[in-house]
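> Please read through the structure below; I'll follow up with questions.
The values are calculated or read from the model by the stated rules, or taken from the named source; none is laboratory data. What you see is a predicted model; the values in this text were computed from it and never measured. With ideal geometry, Cβ positions are generated from the backbone for all residues, glycine too; neighbour counts draw on all protein chains shown.
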Amino acid sequence: MTDYTLQELMVIEAARQIRDGDVVFVGTGLPLLATAFAQRTHAPNLCFVVESGAIAPLVLPTPISVSDPRLMHRAVRLGTLREVLGCLLQRGLVDVGFLGGAQIDRFGNINSTVIGDYAKPTVRLPGSGGGNDIASHAKRLLIVTRHEKRRFPPRCDYITSPGYLNGPDARAKAGLKVTHPSFAVVTDLAVLEIDPATAQLRIARLMPGVSVEQVRKNTGFEPLVAHPVRSVEPPNPEQVRILREEIDPNGIYLKQSP
Amino acid sequence: MQALEATPKVVSLKEAVARFVRTGCSVGLGGQNIGRCAMAGIHEVIRQGHRDLTIYGCNLSISMDLLVGAGLVRRCESGTGNLERFGTTFCWRRGIENGTLEVEDYSHLAMVSRFLAGEMGVPFMPVKSLLGSDLLTYSSGSGLKKFQVIDNPWNPGEPVVLVPAVTPDVSIIHVQKADPLGNVIIEGFATHEPEMVRASRHTIVTCEELVETDQIRRDPERTTIPYPHVSAVVHQPWGAYPTSTYRYYDYDGDEITRYQAAARASGGAYRRYLDDYVYGCASFEDYLDKVCSPTRREELAAAMQAML
């Protein structure tokens, strides 16, 4: 059996959602590792797009910011924020967008703005950034997050980035051009996807050794359950080696101890 | 708008800030996160103490946080405040949480669209982001209209969001190269700066290298922003430190971490940071001499060269 951590499997499982040739809008952290891993393995022709304006860089390990020069290495263009968020993303040319936030609710909406009341915040978070734009315009949305009850409330305190809002047709009614994006929330317990009939998150796959009950206990709403629920495929030794030695060799994001 | 004739605009940083930044004015900030923030210009604004500022940007990071921490900012309009791996922008966050700082939240595309409207001389720009989200539910409560949703005149039934133009009184950016007339070459990523600068009434440019106009005229396609949009040019090597300048030097994580520790601690620790590294320095060179040795500068420059 391969020695790996759940965090490593999260990255690899997120990478599996990316197809060769995809245009991928990515920030930093685990999404960046997942995209770099996909490019190094099964998706050599994917196109990185980075908010600061970098298009198709050959990323060096390991950027810590969207303005990190490591994320610009040998790009085909270092352009502007308007070009990537406007001419690629809003224009409809981005296949996959990664999102992050403090809260994800049952409809896949994301909060990265405020905990508590907007006017009198308990905790003020960074805000939308490009998140709202990615959630509005990318065809497939990916979220990588730890699975904790407080991160999965029934309803976000503030919807920064739209998931399915409150039902299957809500995005269309709101006027969003991408009416039914595909959705995968990869956590340390499971992979959740959107159930097309209800537009709510359902447990699609479980991390090895995790039960549906465990996921339920750590989710602030009652998640739907796919039939059948499958298991996330563990990584092979070569995948773990690539991740540790080539993608995040200095352990910037990955904790090496299992 | 500044004079359109080609006249030399090279001035000292003190003079540029004194001339174009005023108490109560709006300021557009360049850079993003740990890249190319106009740190030298911001230190000078703080030393001169221009208060009651409205700050515009897409991502606002350490330069904005310093202005807020120094008590000079009334309102921010942006897409984010943070320093990614180095944490949040603590002064900004505290100001919002305790109600002393007014904010208007947009997405990054909405903000750059507002600058685009400003630079095109039109009153607003349509966007298809924001729809369905709480960015259209809540506003700062300032009474200023944040947005308007309209029906697409060419496709009735389709909602479109209009966001208002932004025309900052002055923008402050740090770039790789500029000539004495104010022609600007930005190398590497340019974030929202081309739109923001062309939307601004005045722009102060600090640059790593002051180049001859002849060089600009030989390779005009390299000019990111031509001189009619620029009011003052300041030769200021290392002017983005501790953030990075593409092709010149990497960011300095140790110095950013030191700032973040003071900003997180607030109170006396933060006041000491400002006293030691901003008010207590006569110029940005003084600050650089205090915190970044020649050896360290060589390391940061070499680290950048290794990445190109």
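> Do any residues in the stretch B:291-307 that are farther than 14 Å from residue B:244 by Cβ have Cβ atoms under 7 Å from those of residues that are part of a helix (DSSP H, G or I), where the two are at least six apart or on different chains, and which pairs are they?
B:291/B:255; B:291/B:277
> While we're here: Filter the stretch A:35-70 for residues that are within 13 Å of chain B (Cβ to nearest Cβ), aliphatic (A, V, I, L, M) and in contact (Cβ under 8 Å) with a residue 40 or more places away in the chain; which is farthest from residue B:193 (Cα to Cα)?
Of everything passing the filter in the stretch A:35-70, A:64 is farthest from residue B:193 (Cα to Cα).
> What are the residues in the stretch A:131-186 that are more than 15 Å from residue A:25 (Cα to Cα), of a type in the set (D, E, K, R) and surrounded by 23 or more Cβ atoms within 10 Å (Cβ to Cβ), if any?
A:171, the sole residue that qualifies.
> Would it be correct to say that residue B:94 is touching a strand residue (DSSP E or B) at 6+ places or on another chain (Cβ under 8 Å) and more than 7 Å from every other protein chain (Cβ to nearest Cβ)?
Taking the combined requirement at face value, the residue does not satisfy it.
> Could you list, in sequence order, the residues of the stretch B:3-29 that are of a type in the set (Val, Ile, Thr) and surrounded by 14 or more Cβ atoms within 10 Å (Cβ to Cβ)?
Matches in the stretch B:3-29: B:10, B:11, B:17, B:21, B:27.
> Could you tell me which residue of the stretch B:207-240 is farthest from the chain's Cα centre (by Cα), considering only residues that are assigned to a loop (DSSP other than H, G, I, E, B) and within 14 Å of chain A (Cβ to nearest Cβ)? I'd like the intermediate steps shown before the answer.
Quick first cut of the stretch B:207-240, residues assigned to a loop (DSSP other than H, G, I, E, B) only: B:211-212, B:219, B:223-224, B:226, B:230-231, B:236-240.
Add one more test, that the residue is within 14 Å of chain A (Cβ to nearest Cβ), and what stays is B:224, B:240.
Values: B:224: 16, B:240: 11 Å.
Only one residue fits best here, namely B:224.
> Suppose the filter is of a type outside the set (Phe, Trp, Tyr), at the interface with another protein chain (Cβ under 9 Å from one of its Cβ atoms) and on the phi > 0 side of the Ramachandran plot; does residue A:165 pass it? Working first, answer last.
Details: of a type outside the set (Phe, Trp, Tyr): yes; at the interface with another protein chain (Cβ under 9 Å from one of its Cβ atoms): yes; on the phi > 0 side of the Ramachandran plot: yes.
In short, yes.
> Collect the residues in the stretch B:14-29 that are over 10 Å from the mean Cα position of the chain (by Cα) and closer than 17 Å to residue B:234 by Cα, keeping them in residue-number order. Can you show your working first?
Filtering the stretch B:14-29 down to residues over 10 Å from the mean Cα position of the chain (by Cα) leaves B:14-26.
Those that are over 10 Å from the mean Cα position of the chain (by Cα) and closer than 17 Å to residue B:234 by Cα: B:14, B:15, B:16, B:17, B:18, B:19, B:20, B:21.
> Just name the residue that is farthest from residue B:115 (Cα to Cα) out of those in the stretch B:153-168 that are among the hydrophobic types (A, V, I, L, M, F, W, C) and in a loop (DSSP other than H, G, I, E, B).
So, considering only residues that are among the hydrophobic types (A, V, I, L, M, F, W, C) and in a loop (DSSP other than H, G, I, E, B), the one farthest from residue B:115 (Cα to Cα) is B:154.
> Can I ask one more? Among what's in the stretch A:1-34 and is closer than 20 Å to residue A:132 by Cβ and surrounded by 23 or more Cβ atoms within 10 Å (Cβ to Cβ), pick the residue that is nearest to the other protein chains (Cβ to nearest Cβ).
Of everything passing the filter in the stretch A:1-34, A:28 is nearest to the other protein chains (Cβ to nearest Cβ).
> For the stretch B:205-214, check the following and say yes or no: at least one residue is among the polar types (S, T, N, Q), at pLDDT 95 or above and out of contact with any strand residue (DSSP E or B) (no Cβ under 8 Å at 6 or more places or on another chain).
Initial filter on the stretch B:205-214 (among the polar types (S, T, N, Q)): B:206, B:213.
Still in the list and also at pLDDT 95 or above: B:206, B:213.
If we keep only those that are out of contact with any strand residue (DSSP E or B) (no Cβ under 8 Å at 6 or more places or on another chain) too, we end up with B:213.
Yes: the stretch B:205-214 contains one or more residues that are among the polar types (S, T, N, Q), at pLDDT 95 or above and out of contact with any strand residue (DSSP E or B) (no Cβ under 8 Å at 6 or more places or on another chain).
> Out of B:179, B:169, which single residue is more than 10 Å from chain A (Cβ to nearest Cβ) and either crowded, with 24+ Cβ neighbours inside 10 Å or of a type in the set (A, V, I, L, M) (or both)?
Of the residues listed, the single one that is more than 10 Å from chain A (Cβ to nearest Cβ) and either crowded, with 24+ Cβ neighbours inside 10 Å or of a type in the set (A, V, I, L, M) (or both) is B:179.
> Okay, next question. Name the one entry in B:121, B:143 that is more than 10 Å from chain A (Cβ to nearest Cβ), modelled with pLDDT under 95 and loosely packed, with under 12 Cβ neighbours inside 10 Å.
Among B:121, B:143, only B:143 is more than 10 Å from chain A (Cβ to nearest Cβ), modelled with pLDDT under 95 and loosely packed, with under 12 Cβ neighbours inside 10 Å.
> Residues that are surrounded by 21 or more Cβ atoms within 10 Å (Cβ to Cβ) and under 14 Å from the mean Cα position of the chain (by Cα): which helices (runs of 4 or more DSSP H) entirely in the stretch B:30-104 hold 3 or more of them?
Working: elements: B:39-48, B:62-69, B:90-97.
Counting at least 3 such residues, we get B:39-48, B:62-69.
> Would you mind stating whether residue A:63 is over 22 Å from residue B:224 (Cβ atoms) and surrounded by fewer than 23 Cβ atoms within 10 Å (Cβ to Cβ)?
Judged against the criteria, residue A:63 is not a match.
> On the basis of being β-branched (Val, Ile, Thr) and outside any loop (DSSP other than H, G, I, E, B), does residue A:240 make the cut?
Considered against the rule, which asks whether it is β-branched (Val, Ile, Thr) and outside any loop (DSSP other than H, G, I, E, B), residue A:240 comes out as yes.
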